[in-house]
Number of protein chains: 2
Amino acid sequence: MSFPPDRIEFSLPEWLSERLGAVAPKPAVEDRMRLVVDLSREQVRHATGGPFAAAVFEAGTGALVSAGVNLVERQGNSALHAEVVAIMLAEAAIGTFHLGGLGGPDYELVTSSSPCAMCLGAVLWSGVRRLVIAARTEDVEAIGFDEGPVFAGSWAHLEHKGVRIVRDVCREEAVSVLREYVRRGGLIYNP
Amino acid sequence: MSFPPDRIEFSLPEWLSERLGAVAPKPAVEDRMRLVVDLSREQVRHATGGPFAAAVFEAGTGALVSAGVNLVERQGNSALHAEVVAIMLAEAAIGTFHLGGLGGPDYELVTSSSPCAMCLGAVLWSGVRRLVIAARTEDVEAIGFDEGPVFAGSWAHLEHKGVRIVRDVCREEAVSVLREYVRRGGLIYNP
């Protein structure tokens, strides 16, 4: 690598790449979330990083566009939360920096845990029209992760900009994954 | 590319890679910012993207660790703001997902414009101990860019977590770059 470096590359864990090829469209939001929570559980069992997963779907058809897991430890990169990974991969798949572009379908981000401050911003810039969440902020913070400066006004801002927010979908299943991560001694990284 | 995609790669514009090799350490914060504002001006003149630049320095010595510019249009990636690019590259250079690790030197992020909501979160997770800003939020919004849900409480949160914030360093020079971008017809992308 040259110094200062001028290039970044990251990739999903192999188990995830292999799994993604065979995912059928999921018309029901609960099925979309079930897949995402399953991926977060696989992430914990493969010990490939923090217990978080997210995916971008075409909102109407439920076709999977991309999926991500937390790559912070694996890639040594503090910004690679599951939501950022899924958004970056979705934009690469579709070839745009704005998933809500005129004339295209609507997209949604489905995430196993309520997004941190950085990821809330990333959701807004991505152009997705709906954000679907399983575990709450309080569930994530209960196992020791920090969500950063997220306020009631942050959520209101997203909704004002046209992002619908759907909460508590498969919350219990997602919380059970967070607890499994702790039981297995997963790293709680925090500034 | 496989679909769904499982890999992301991005690189700095060539003019920037070439320039970075020869940067001497900058003990004074104004000199660090002058470099960053210069990079934002070069970005505008090379028409390689949004009029923003950022860099990570070793706080004590002023040695340059990484520099980034906005790569949103160039890479089709809404998360690649200059700050995120600089942070990702700094962590890659140092080989850690936390620049504030025990035993290492302190690092700081120097940015030509006040960070958006996403980048404020990214700054917090990066572990930098100081954030140095040129143009204000109001300057960025005056040319039509959106900063997202950034509140007084967001800044207070960072300071509470040990991130010192220094504002208005070379503000006028940075604002003149924002205005040059507009005069040249640069894209104001916004959701």
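Checked against (1) at the interface with chain A (Cβ under 8 Å from one of its Cβ atoms); (2) under 12 Å from the mean Cα position of the chain (by Cα), residue B:83 passes all but a single condition, namely (1).
Of everything in the stretch A:149-191 that is basic (Lys, Arg) and outside any loop (DSSP other than H, G, I, E, B), the residue that is nearest to residue A:129 (Cα to Cα) is A:164.
Is it the case that some residue within the stretch B:135-150 is out of contact with any Gly (no Cβ under 7 Å at 6 or more places or on another chain), within 28 Å of residue B:75 (Cα to Cα), of a type in the set (Lys, Arg) and modelled with pLDDT of 95 or more?
Keep residues of the stretch B:135-150 that are out of contact with any Gly (no Cβ under 7 Å at 6 or more places or on another chain), which gives B:135-147, B:150.
Of the ones still in play, those that are also within 28 Å of residue B:75 (Cα to Cα) are B:135-147, B:150.
If we keep only those that are of a type in the set (Lys, Arg) as well, we get B:136.
Keeping just the survivors that are modelled with pLDDT of 95 or more gives B:136.
Yes, the stretch B:135-150 contains at least one residue that is out of contact with any Gly (no Cβ under 7 Å at 6 or more places or on another chain), within 28 Å of residue B:75 (Cα to Cα), of a type in the set (Lys, Arg) and modelled with pLDDT of 95 or more.
Looking only at the stretch A:38-58, residues that are over 10 Å from the mean Cα position of the chain (by Cα), within 14 Å of residue A:111 (Cα to Cα) and hydrophobic (A, V, I, L, M, F, W, C) come to 2 in all.
Given the condition closer than 27 Å to residue B:21 by Cα and either free of Cβ contacts under 8 Å to residues at least 60 places away in the same chain or of a type outside the set (A, V, I, L, M) (or both), answer yes or no: does some residue in the stretch B:135-152 qualify?
First pass over the stretch B:135-152, keeping only residues closer than 27 Å to residue B:21 by Cα: B:135.
Filter again for either free of Cβ contacts under 8 Å to residues at least 60 places away in the same chain or of a type outside the set (A, V, I, L, M) (or both), leaving B:135.
Within the stretch B:135-152 (the criterion being closer than 27 Å to residue B:21 by Cα and either free of Cβ contacts under 8 Å to residues at least 60 places away in the same chain or of a type outside the set (A, V, I, L, M) (or both)), the answer is yes, since at least one residue qualifies.
Given B:166, B:128, which one is facing chain A (nearest Cβ under 10 Å) and among the β-branched types (Val, Ile, Thr)? Walk me through how you get there before you give the answer.
On the way: B:166 fails: facing chain A (nearest Cβ under 10 Å).
Only one candidate qualifies: B:128.
Selection of first residues in the stretch B:3-26 that are more than 7 Å from chain A (Cβ to nearest Cβ) and of second residues that are exposed (fewer than 13 other Cβ atoms within 10 Å of the Cβ) and at pLDDT 95 or above, restricted to Cβ pairs under 8 Å at least 6 apart or on distinct chains, gives the following pairs, ordered by first then second residue: B:25/B:61.
Before we move on, is residue B:133 among the aliphatic types (A, V, I, L, M), touching a strand residue (DSSP E or B) at 6+ places or on another chain (Cβ under 7 Å), closer than 21 Å to residue A:150 by Cβ and outside any loop (DSSP other than H, G, I, E, B)? Reasoning before the result, please.
On the way: among the aliphatic types (A, V, I, L, M): yes; touching a strand residue (DSSP E or B) at 6+ places or on another chain (Cβ under 7 Å): yes; closer than 21 Å to residue A:150 by Cβ: no; outside any loop (DSSP other than H, G, I, E, B): yes.
Taking the combined requirement at face value, the residue does not satisfy it.
Over 21 Å from residue A:26 (Cβ atoms), more than 15 Å from the chain's Cα centre (by Cα) and small (Gly, Ala, Ser): is that true of residue A:121 in this structure? It is false that residue A:121 is over 21 Å from residue A:26 (Cβ atoms), more than 15 Å from the chain's Cα centre (by Cα) and small (Gly, Ala, Ser). When the stretch A:1-53 is filtered for residues that are over 17 Å from residue A:83 (Cβ atoms) and of a type in the set (Lys, Arg), the ones remaining, listed by number, are A:7, A:19, A:26, A:34, A:41, A:45.
Taken as a whole, the stretch B:147-162 holds no residue that is within 8 Å of chain A (Cβ to nearest Cβ), farther than 18 Å from residue A:121 by Cβ and touching a Leu at 6+ places or on another chain (Cβ under 9 Å). Filtering B:103, B:95, B:121 for residues that are more than 10 Å from chain A (Cβ to nearest Cβ), free of Cβ contacts under 8 Å to residues at least 40 places away in the same chain and out of contact with any strand residue (DSSP E or B) (no Cβ under 8 Å at 6 or more places or on another chain) leaves a single hit, B:103.
Could you say which residue among B:64, B:89 is facing chain A (nearest Cβ under 7 Å), within 30 Å of residue B:185 (Cα to Cα) and among the aliphatic types (A, V, I, L, M)?
Values: B:64 fails: within 30 Å of residue B:185 (Cα to Cα).
Matching residue, one of B:64, B:89: B:89.
Quick one: would you say residue B:178 is loosely packed, with under 15 Cβ neighbours inside 10 Å and either away from chain A (no Cβ under 14 Å) or closer than 21 Å to residue A:124 by Cα (or both)? Before you say what the answer is, go through the steps one by one.
Numbers: loosely packed, with under 15 Cβ neighbours inside 10 Å: no; either away from chain A (no Cβ under 14 Å) or closer than 21 Å to residue A:124 by Cα (or both): yes.
No, not satisfied.
Can you say whether residue A:78 is more than 10 Å from chain B (Cβ to nearest Cβ), of a type outside the set (Asp, Glu) and in contact with a Phe, Trp or Tyr (Cβ under 9 Å, 6 or more places away or on another chain), as far as the supplied structure shows? It is false that residue A:78 is more than 10 Å from chain B (Cβ to nearest Cβ), of a type outside the set (Asp, Glu) and in contact with a Phe, Trp or Tyr (Cβ under 9 Å, 6 or more places away or on another chain).
Inside the stretch A:10-67, residues that are surrounded by fewer than 23 Cβ atoms within 10 Å (Cβ to Cβ) and polar (S, T, N, Q) make up a count of 4.
The values are calculated or read from the model by the stated rules, or taken from the named source; none is laboratory data. All figures in this text were calculated on a predicted structure; none of them were measured in a lab. No Cβ is skipped: glycine too gets one built from the backbone with ideal geometry, and neighbour counts run over all protein chains shown.
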